[in-house]
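Q: Can you read through this structure? Questions will come right after.
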Amino acid sequence: MSARRWLRRPETALFALAFTAYAYFYQGGGWNAAVRFDLVRAIVEQGTLRIDGYEQNTGDRAYRDGHYYCDKAPGLSFAAVPVYAAVYPLAGEGRLRGRFVSRAAWLATVWAVALPSAAAVVMLALLGEVLGLRPPWRAALALAYAFATLAFPYATLFYGHQLAAALLVLAFGLLMRARWRGATPGVGRLVAVGALLGAAVTVEYPAALAVAAIALYAAAFVRPWHRLGWLAAGAVLPLAGLAAYHTAAFGSPLTLPYAFSTDAPRRQGPLLGWGVPRARVLYAVLLSRYRGLFYSAPWLLFALPGAIRLWRTPRLRPEAAVALAIPMMYVLLNAGLNDWHGGWGTGPRHLVPALPFLALAAGGLLVGRNPSRAERMAYGLAVAFSAGLMLAATSVQPEVPRWIGRPFEEHLLPAFVQGRLALNTLPIHTGTVHERREAWNMGELLGLRGLATLLPLAAVLAAGVVWLWGTLRQPKAVSRSTLE
């Protein structure tokens, strides 16, 4: 396909919009991001899986036989190794400077989190086509997910949640679009799906829940069944790498780092920090001002009636089952965790991998019908409200201290209005807390201050929206995907 044809595709504009926004911010350090990047540095700089000498910047670590290890799934760190290996020689000889490490961490985040997250936005638009949505509504659904959910702040953090979300929805999308065409997926597609699902587990262990749901979805229509062996074959390489990592670091292919975690919640409860789901926690992660998913993104409430409409559409019933099952499993998982709040953060971060499926369910509300003016207004207001909160969280500090009871009212919105952006002072390269801010955005690098630092982003996004609108006005605005 020629470059001109690519530029005329809505998918290209959507990708550019999301990727630009996600890459615009660097959030500095924090325990979760720091320990994952410690593993990247240990592999590249020392050729080891041990993070001894790096671990002072985090409390999220595992300790075994006198050595420290990352207590997270290693997939995100592995994905970032090539980027850090490419830039590490530029550091020169001697002790690495904090500025170099922070810039390298930003590059790693852009490569391993922002890039696949933008691809997931495009996939959601393509799945809107499967639902039968008109091109403007497909784009609106994708943009709502990109900018009006926790996908926005977590796509700027070196966390595993958003990468897992991207891998899961890309895998599901490849299957869903194949079923839409009424054809059994080819060998290459099945291997790719398996690789994506296996990689999701290496990034976030709880992704195994979603993998099971997507695998059952595949089993429902892939015929003959022995072709599912190709899907399993695709998962072998990432899962074999995960098993090898567990063996080298923790002595057994099935031993998780949580078994050696120095983080107290991971040593409590019947299963590595997880127990029976609690009603009060369900309320907290769904509706409360503290971590409520629907408080920070109320437009996702459309997922329930949307899923019902999908279920009542016979051809989309299997998709409805997946779109309901994955969020429900993640909610129950979150409600049973000892550290259900997720420590420092915005919203229920453990639910981030389920958000593309909630968004898809919300899109189901538009299947086979055009919304009324009142419905369009309700949808638009809910998305705009959510997008405003997500912009504030991303611009100010996604990792809100856990003791702030109403993060948006007490911290994020006041700071945003006052122009106090990029507030994080935690470095990613050392345990020493600096007085200066470690976070930044591209506007600051251009010499701007306060809210003015967001003006370049606003200008680029405005141009991107004009570009997107121009592509949608063309005949056959969203053609069959090149992913097919």
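The values are calculated or read from the model by the stated rules, or taken from the named source; none is laboratory data. Keep in mind that what you see is a predicted model, and the values were worked out from it rather than measured. Here the Cβ is made from the backbone with ideal geometry for all residues, glycine too, and neighbour counts use every protein chain on show.
Q: Go through the range 371-415 and give me each residue that's farther than 28 Å from Gly443 by Cβ, part of a helix (DSSP H, G or I) and either touching a strand residue (DSSP E or B) at 6+ places or on another chain (Cβ under 9 Å) or among the aromatic types (Phe, Trp, Tyr) (or both).
A: Across the range 371-415, the qualifying residue is only Tyr379.
Q: Can you tell me which residues in the range 288-310 are of a type in the set (A, V, I, L, M, F, W, C), more than 16 Å from Arg179 (Cα to Cα) and more than 19 Å from the chain's Cα centre (by Cα)?
A: Leu301, Phe302, Leu304, Ala307, Ile308
Q: State which residue is surrounded by the fewest Cβ atoms within 10 Å (Cβ to Cβ) when the search covers only the range 106-159 and only residues that are among the hydroxyl-bearing types (Ser, Thr, Tyr) and assigned to a helix (DSSP H, G or I).
A: Out of the qualifying residues, it is Ser117.
Q: Restricting the search to the range 15-46, which residues are hydrophobic (A, V, I, L, M, F, W, C), over 18 Å from Pro257 (Cβ atoms) and part of a helix (DSSP H, G or I)?
A: Matches in the range 15-46: Phe15, Ala16, Leu17, Ala18, Phe19, Ala21, Ala23, Val44.
Q: Only one of these conditions is not met by Ser2: (1) at pLDDT below 95; (2) among the polar types (S, T, N, Q); (3) crowded, with 24+ Cβ neighbours inside 10 Å. Which number is it?
A: (3)
Q: Something else about it: Is the range 70-80 home to any residue that is surrounded by fewer than 24 Cβ atoms within 10 Å (Cβ to Cβ), out of contact with any strand residue (DSSP E or B) (no Cβ under 6 Å at 6 or more places or on another chain), farther than 15 Å from Tyr159 by Cα and touching a residue at least 12 places away in the same chain (Cβ under 8 Å)?
A: No, because not a single residue in the range 70-80 is surrounded by fewer than 24 Cβ atoms within 10 Å (Cβ to Cβ), out of contact with any strand residue (DSSP E or B) (no Cβ under 6 Å at 6 or more places or on another chain), farther than 15 Å from Tyr159 by Cα and touching a residue at least 12 places away in the same chain (Cβ under 8 Å).
Q: Need pairs with beta-carbon distance below 6 Å; first residue in contact (Cβ under 8 Å) with a residue 12 or more places away in the chain and within the range 359-386, second of a type in the set (Lys, Arg) and assigned to a helix (DSSP H, G or I); sequence gap 6+ or separate chains.
A: What qualifies is Gly364/Arg309; Leu365/Arg309; Val367/Arg309.
Q: List pairs: first residue in the range 145-168 and within 13 Å of Thr394 (Cβ to Cβ) and in contact (Cβ under 8 Å) with a residue 12 or more places away in the chain, second residue in a loop (DSSP other than H, G, I, E, B) and polar (S, T, N, Q) anywhere in the structure, Cβ distance under 9 angstrom, at least six positions apart or on different chains.
A: Going by the 9 Å Cβ cut-off, the qualifying pairs are Leu150/Thr346; Pro153/Gln27; Pro153/Thr346; Tyr154/Thr346; Thr156/Gln27; Leu157/Gln27; Gln162/Thr156.
Q: Separate question: So Pro414 passes all but one of these: (1) surrounded by 14 or more Cβ atoms within 10 Å (Cβ to Cβ); (2) in contact with a Lys or Arg (Cβ under 9 Å, 6 or more places away or on another chain). Which condition number does it fail?
A: (1)
Q: Sort out which residues of the range 305-317 are in contact (Cβ under 8 Å) with a residue 40 or more places away in the chain and either outside any helix (DSSP H, G or I) or surrounded by 17 or more Cβ atoms within 10 Å (Cβ to Cβ) (or both), and write them in order of number.
A: If the condition is that a residue be in contact (Cβ under 8 Å) with a residue 40 or more places away in the chain and either outside any helix (DSSP H, G or I) or surrounded by 17 or more Cβ atoms within 10 Å (Cβ to Cβ) (or both), then Gly306, Ala307, Arg309, Leu310, Thr313, Leu316 are the ones that fit.
Q: Considering only the range 248-265, state which residues are under 21 Å from Leu197 (Cα atoms) and modelled with pLDDT of 95 or more.
A: Answer for the range 248-265, where residues must be under 21 Å from Leu197 (Cα atoms) and modelled with pLDDT of 95 or more: just Pro253.
Q: Of these, Leu209, Leu174, which one is part of a helix (DSSP H, G or I), of a type in the set (A, V, I, L, M, F, W, C) and more than 23 Å from Leu333 (Cβ to Cβ)?
A: Leu174
Q: For the range 51-69: of the residues being closer than 16 Å to Ala248 by Cβ, in contact with a strand residue (DSSP E or B) (Cβ under 7 Å, 6 or more places away or on another chain) and touching a residue at least 24 places away in the same chain (Cβ under 8 Å), which is surrounded by the most Cβ atoms within 10 Å (Cβ to Cβ)?
A: Tyr69
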